[in-house]
1. Out of the helices (runs of 4 or more DSSP H) lying entirely within region 1-108, which hold 2 or more residues that are crowded, with 21+ Cβ neighbours inside 10 Å, in contact with a strand residue (DSSP E or B) (Cβ under 7 Å, 6 or more places away or on another chain) and of a type in the set (V, I, T)?
2. What about S153, is it touching a strand residue (DSSP E or B) at 6+ places or on another chain (Cβ under 6 Å), surrounded by 14 or more Cβ atoms within 10 Å (Cβ to Cβ) and not in a helix (DSSP H, G or I)?
3. Pairs only if they're at least six apart or on different chains, beta carbon under 7 angstrom, first in region 84-108 and touching a residue at least 40 places away in the same chain (Cβ under 8 Å), second part of a helix (DSSP H, G or I) and not aliphatic (A, V, I, L, M); list them, first residue then second.
4. Output the strands (runs of 3 or more DSSP E) that fall wholly within region 161-233 and possess 2 or more residues being in contact with a Pro (Cβ under 8 Å, 6 or more places away or on another chain), or say none.
5. Looking only at residues in region 213-224 that are surrounded by fewer than 21 Cβ atoms within 10 Å (Cβ to Cβ) and in contact (Cβ under 8 Å) with a residue 12 or more places away in the chain, which one is nearest to the chain's Cα centre (by Cα)?
6. Can you pull out every residue in region 180-210 that is in contact with a Phe, Trp or Tyr (Cβ under 7 Å, 6 or more places away or on another chain), modelled with pLDDT of 90 or more and aliphatic (A, V, I, L, M)?
7. Which of (1) more than 20 Å from the chain's Cα centre (by Cα); (2) at negative phi; (3) of a type in the set (D, E) does E115 not meet, given it meets every other one?
8. Taking into account only those residues within region 115-132 that are assigned to a helix (DSSP H, G or I) and out of contact with any helix residue (DSSP H, G or I) (no Cβ under 8 Å at 6 or more places or on another chain), which is surrounded by the most Cβ atoms within 10 Å (Cβ to Cβ)?
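The values are calculated or read from the model by the stated rules, or taken from the named source; none is laboratory data. Remember, it's a predicted structure, so these values are computed and weren't measured experimentally. A quick note on method: Cβ atoms are made from the backbone with ideal geometry, for glycine too, and the neighbour counts reach across all protein chains shown.
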Amino acid sequence: MIQVEHAIKSFGSKRALDDLSFTAEEGRIVGLLGTNGAGKSTVLKAVAGLLRLDEGRVTIDGKPPGLDSRKALSYLPDNQAWYTWMKLSDAMTYMADMYVDWDRDKARHLAEFLELRPDMRIQSASKGTRAKMNLLLALSRQSKYVLLDEPFSGIDPFARKQIAQAIVEDFMEEGQSILITTQEVSEVETMLDGVLIVHDGRLLLEGDVETLRLERNQSLFEIWKEVYDHARI
């Protein structure tokens, strides 16, 4: 279980997280939804142990981020960077050397599903192809928790559909817990179990997606828009 309790983080005069608390339970795909600047990436960096909070705390299975939690976490940042001279096979070899839970069979399966060749060079790949490469590298570990930061950002609809399907199939096969940030609400609506809607570093709504849809008789996109518009008033 991932728990964030009363998280506060400021960058200069900008408060990125404003007393934010939530729980992401095991075995679920949870969406952290919000516009640019809502604090989504800051949350994931704090959970991944890459950023220290000013106040509050993060725990993964009851422990603060550290060496143990990093072994249990696979993190895909919104601006993943690899050496441009690398081929996909080079990045896969690097991951296999770095992480003992790297699954070569899973990586080969994902490469085939996402229509990626090991000899593809990162430098010459399109943005959509690089996004699929990064997803392959994040999902090919046998980690308990997967953190995905804006995996759909700036890529074409076909690639988005492939990525969404790969995430769902991987989750169903491996039973991992996935925390995914996005502002592309329509792309993730059918795949989410839980939702966290944030704005200006504050949590506006937390709940089970199906329960919220039934209670409000709205789509997740309509719920998100209503909550967001109300917060701006």
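1. Details: elements: 40-47, 67-72, 88-98.
Per the criteria, 40-47.
2. On the way: touching a strand residue (DSSP E or B) at 6+ places or on another chain (Cβ under 6 Å): no; surrounded by 14 or more Cβ atoms within 10 Å (Cβ to Cβ): yes; not in a helix (DSSP H, G or I): yes.
In short, no.
3. none
4. Details: elements: 177-182, 194-199, 202-208.
Per the criteria, 177-182.
5. Restricting attention to region 213-224, the residues satisfying the condition of being surrounded by fewer than 21 Cβ atoms within 10 Å (Cβ to Cβ) are 213-219, 221-222.
With in contact (Cβ under 8 Å) with a residue 12 or more places away in the chain added as a condition, the list becomes 219, 221.
On the way: S219: 21, F221: 18 Å.
Ranking the candidates gives F221 first.
6. Filtering region 180-210 down to residues in contact with a Phe, Trp or Tyr (Cβ under 7 Å, 6 or more places away or on another chain) leaves 182, 184-187, 189, 196-197, 199, 203, 206.
Restricting the remaining residues to those that are modelled with pLDDT of 90 or more gives 196-197, 199, 203, 206.
Passing the criteria: L196, I197, L203.
7. Only one criterion in (1) more than 20 Å from the chain's Cα centre (by Cα); (2) at negative phi; (3) of a type in the set (D, E) is unmet by E115, namely (2).
8. Looking only at region 115-132, we keep the residues that are assigned to a helix (DSSP H, G or I), and these are 127-132.
Those still in the list that are out of contact with any helix residue (DSSP H, G or I) (no Cβ under 8 Å at 6 or more places or on another chain) too: 127, 130.
Details: K127: 12, R130: 18.
For region 115-132, the residue satisfying everything is R130.
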